[in-house]
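The values are calculated or read from the model by the stated rules, or taken from the named source; none is laboratory data. Please read all numbers here as calculations on a predicted model, not as lab measurements. Quick reminder, even Gly has a Cβ in these numbers, built from the backbone with ideal geometry, and neighbours come from all protein chains shown. Side chains are part of the model used for accessible areas, which takes the heavy atoms of the whole protein and leaves out ligands, DNA and RNA. Shrake-Rupley method; radii C 1.70, N 1.55, O 1.52, S 1.80 Å.
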Amino acid sequence: MNTEGTIILDGAGIKRALTRIAHEILENNKGMKELVLVGIRTGGVYLASELASRLDEIEGGMIPVGSVDITLYRDDIKGHSKHLPVGKTDIPFSVEGKKVVLVDDVLYTGRTIRAAMDALMDHGRAQCIQLAVLIDRGHRELPIRADFVGRNVPTSLKENILVRFDSDNHPVEVVLQKN
Amino acid sequence: MGFKHKDILGLQELTAGEIDLLLNTAENLKEINSREIKKVPTLRGKTIVNLFFEPSTRTRTSFELAAKRLSADTINISASTSAVQKGETLSDTARNIEAMKPDIIVMRHSISGAHHYLAKRVSYSVINAGDGAHEHPSQALLDMLTMREKFGRLAGLKVAIIGDITHSRVARSNIYGLTKMGAKVFLAGPPTMMPQGVERLGDVTVCRTIQEAVDGADVVMMLRIQLERQGKTLMPTQREYSRYFGLNRELLKLAKPEVMVMHPGPMNRGVEICSDVADGPNSYIMQQVENGVAVRMSMLYHVSGGELPTE
């Protein structure tokens, strides 16, 4: 893995951002009633469980957390291009009538989110779907925006944003790499 | 690592890493089969032809369900209702189907090697759903997935395969697959049904009696006695076969207590397997069928993402 790049958010910064997002989620939804979190594999899953423990600290009570793998819903599987390995989708609760907060690490073109929403809808009709991301780097190709953003980072198409996690899957830092 | 084949003709051609990839994908795809909406859009717009020159219920249904759950369009052609009855050759049938631009063809044929012949001549992907007495890769993959689910591994398992090894494509694919994954395979069957030089297929042990094979086994896989393929010469009577090579409760006590009993179906109850074993607590026969759909979804997924051979 490339270790070069500028740190744009350190561990403490990530913690503050997640705490603020947790408060915003509670404020917007007036508490945790009917609320569930679904992380997008793999970074989003780790962040979703971080958010869940924040919500527990603030409001008290664990909220259901699921994970979704979007490989099967990608729009760039064409002809005989190489297929990616399929990860596990694990939503151990019904999303029917729930307020679902999708969680991802970096929001970029919006295509991942489109795929994740399609995947979610195959599991049932949620009351609403909201989106929480740690980093919004711009360059949207679809009409999608996040409801909760940790940090807006203007980037060029040549740059790459990487959210690093430690061995216990806690976020460590966000790095901006130039290719 | 990616899957680099246009076709899946047998497990002989696949590496341990590729088998592992197919099984991992199947394991993750399994969740779709328990959803309320059992469908993902992955192979939308792909056309899959099921071309069956031999009768089949389980395999054909399973492949068709797998394709439909990945949103592919499927058509079924069985030899009894096709132009094959009018004397069309395999290569003509294949070329005519090719003209209709399918993406994948799933074929079962009574002649060993028919798929290899076809795969070289057509541009679409070919998946072997059983060729003669040669290979039946999807069956072996679903068997391995079922074993891996229970034991968490394949390496080091003692797997006894009992019955007509000579005529069994299930046995051959399992021998190739299991030995590549590090399992220890023990074969038993009447000498008339044990092919000469079977050891060359992989690291297998040929046993003289069923007792020897079942002793301490983690898995006992019973093969169907293919009554339609039997000449009169291979076994004197079904009753005698059942006495020496049928699996019953008494015999199963020789195996490990948590032994898995498997059978590729359709079963001849009372011949190769007793009903109390087939329906007993150690039977994984229904799990095999369930895993079949996931394994076939995995095969279709990876084949349609495989790389075309460079001309």
Over chain A, what percent of the accessible surface lies on carbon and sulfur atoms, probe 1.4 Å? 50
Name the residues of segment A:110-124, by number, that are at least 20 Å² less accessible with every protein chain in place than in the isolated chain; the surface is that of heavy atoms, probe 1.4 Å, without ligands or nucleic acids. A:Asp122, A:His123
Let me know the charge dipole size of segment B:1-78 about its Cα centre in debye, to the nearest 20, where only the beta-carbon of Lys, Arg (+1) and Asp, Glu (-1) is charged. 360
Using a 1.4 Å probe on the protein heavy atoms, what percent of the accessible area of segment B:163-260 belongs to carbon and sulfur? 50
For chain B, with a Gaussian network of springs between Cα atoms less than 10 Å apart, report the residue from B:Ile48, B:Ile165, B:Ile97 with the top mean-square fluctuation. B:Ile97
Karplus (6.51, -1.76, 1.60) ³J(HN,Hα), θ = phi - 60°, over segment B:213-221, in Hz, Gly and Pro reported as x: 6, 6, 3, x, 6, 7, 9, 10, 10
Of all DSSP beta bridges located in segment A:1-141, what percent are antiparallel, nearest 5? 5
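Taking the DSSP beta bridges in the protein assembly as shown as the whole, what percent of them are antiparallel, to the nearest 5?
Once the DSSP bridges in the protein assembly as shown are tallied, antiparallel ones form about 20 percent.
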Cα→Cβ-extended label distance, 7 Å offset, between A:Ala12 and A:Glu59, nm: 2.9
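Give the residue list of trypsin sites (Lys or Arg not before Pro) in segment B:193-254 that are DSSP loop and have at most 13 other beta-carbon atoms within 10 angstrom. Intermediate results must be reported in sequence, preceding the final value.
Working: sites: B:Arg200, B:Arg208, B:Arg224, B:Arg229, B:Lys232, B:Arg239, B:Arg243, B:Arg249, B:Lys253; in loops: B:Arg208, B:Arg224, B:Arg229, B:Lys232, B:Lys253.
For trypsin sites (Lys or Arg not before Pro) across segment B:193-254 that sit outside H, G, I, E and B with at most 13 neighbouring Cβ atoms in 10 Å, the list reads B:Arg208, B:Lys232, B:Lys253.
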Between A:Gln177 and B:Asn76, with labels modelled 7 Å along Cα→Cβ, what's the label distance in nm to one decimal, could you check? 4.9
Which whole-number value in Å² is the accessible area per residue of segment B:30-160, probe 1.4 Å? 41
Would you kindly find the accessible area of A:His23, with a 1.4 Å probe and non-protein molecules such as ligands, DNA and RNA excluded, rounding to the nearest 10 Å²? 90
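Once B and A are treated as a pair rather than alone, how much accessible area drops out, both sides summed, in Å² to 100, probe 1.4 Å?
1900
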Per the helix-only model, chain A has a calculated mean residue ellipticity at 222 nm (DSSP H runs of ≥4, -39500 (n - 2.57) each, divided over all residues, rounded to the nearest 500) of -8500 deg cm²/dmol
Pick from B:Gly113, B:Gly17, B:Gly130 the residue whose mean-square fluctuation is largest in a GNM of chain B, springs joining Cα atoms under 10 Å. B:Gly17
For the cross-link pairs A:Lys98/B:Lys30; B:Lys6/B:Lys120; B:Lys30/B:Lys256, which exceed 18 Å when the distance is taken from alpha carbon to alpha carbon? A:Lys98/B:Lys30; B:Lys30/B:Lys256
Report the label-to-label distance for A:Arg145 and B:Asp276 in nanometres (one decimal), using points 7 Å from each Cα along the Cα→Cβ vector. 7.2
With everything on Cα atoms, drop me the angle between helix B:58-69 and the longest principal axis of chain B, reported from 0 to 90° to the nearest 10. 40
Leading residue at positive end of dipole, segment A:1-130 (Cβ point charges), from A:Val101, A:Gly44, A:Leu84: A:Leu84
Segment B:1-80 versus segment B:126-140: alpha-carbon centroid distance in Å: 13
Taking only protein heavy atoms and a 1.4 Å probe, the highest-to-lowest accessible-area order of B:Met267, B:Met222, B:Met286 is B:Met286, B:Met267, B:Met222
Taking the Cα atoms only, what angle lies between the long axis of helix B:16-29 and the longest principal axis of chain B, rounded to 10 degrees? 80
Name the most mobile residue of A:Lys33, A:Lys15, A:Lys99, meaning the one with the largest mean-square fluctuation, in a Gaussian network model of chain A with Cα contacts below 10 Å. A:Lys33
Pull out a ≥ b ≥ c, the square roots of the eigenvalues of the alpha-carbon gyration tensor of chain A, then state rounded if a/c is under 1.5, prolate if not and a/b is larger than b/c, and oblate in the remaining case. oblate
Have a look at the DSSP beta bridges in segment B:91-199 and tell me what percent are antiparallel, nearest 5. 10
Could you calculate the FRET efficiency of B:Asp215 with B:Ser112 from 1/(1 + (r/R0)^6), where r is the beta carbon distance between them and R0 is 41 Å, rounded to 0.05? 0.80
Once phi is turned into ³J(HN,Hα) by the Karplus curve 6.51 cos²θ - 1.76 cosθ + 1.60 with θ = phi - 60°, what whole-Hz value does each residue of segment A:36-50 show in order, with x for glycine and proline? 9, 10, 10, x, 8, 4, 9, x, x, 5, 5, 5, 4, 6, 4
If R₀ is 30 angstrom, what is the calculated FRET efficiency for the pair B:Glu98 and B:Gln12, using the beta carbon separation as r and rounding to 0.05? 0.75
For segment A:1-147, what is the accessible area per residue in Å², given a 1.4 Å probe and the full set of protein chains? 47
Rank B:Met193, A:Ile14, B:Thr89 by how far each Cα sits towards the positive end of the charge dipole of the protein assembly as shown (+1 on Lys, Arg Cβ; -1 on Asp, Glu Cβ) and give me just the farthest. B:Thr89
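Ignoring everything except DSSP H segments at least 4 long, calculate the 222 nm mean residue ellipticity for chain B; use -39,500 (n - 2.57) per segment, divide by total residues, nearest 500.
It comes out at -10500 deg cm²/dmol, rounded to the nearest 500.
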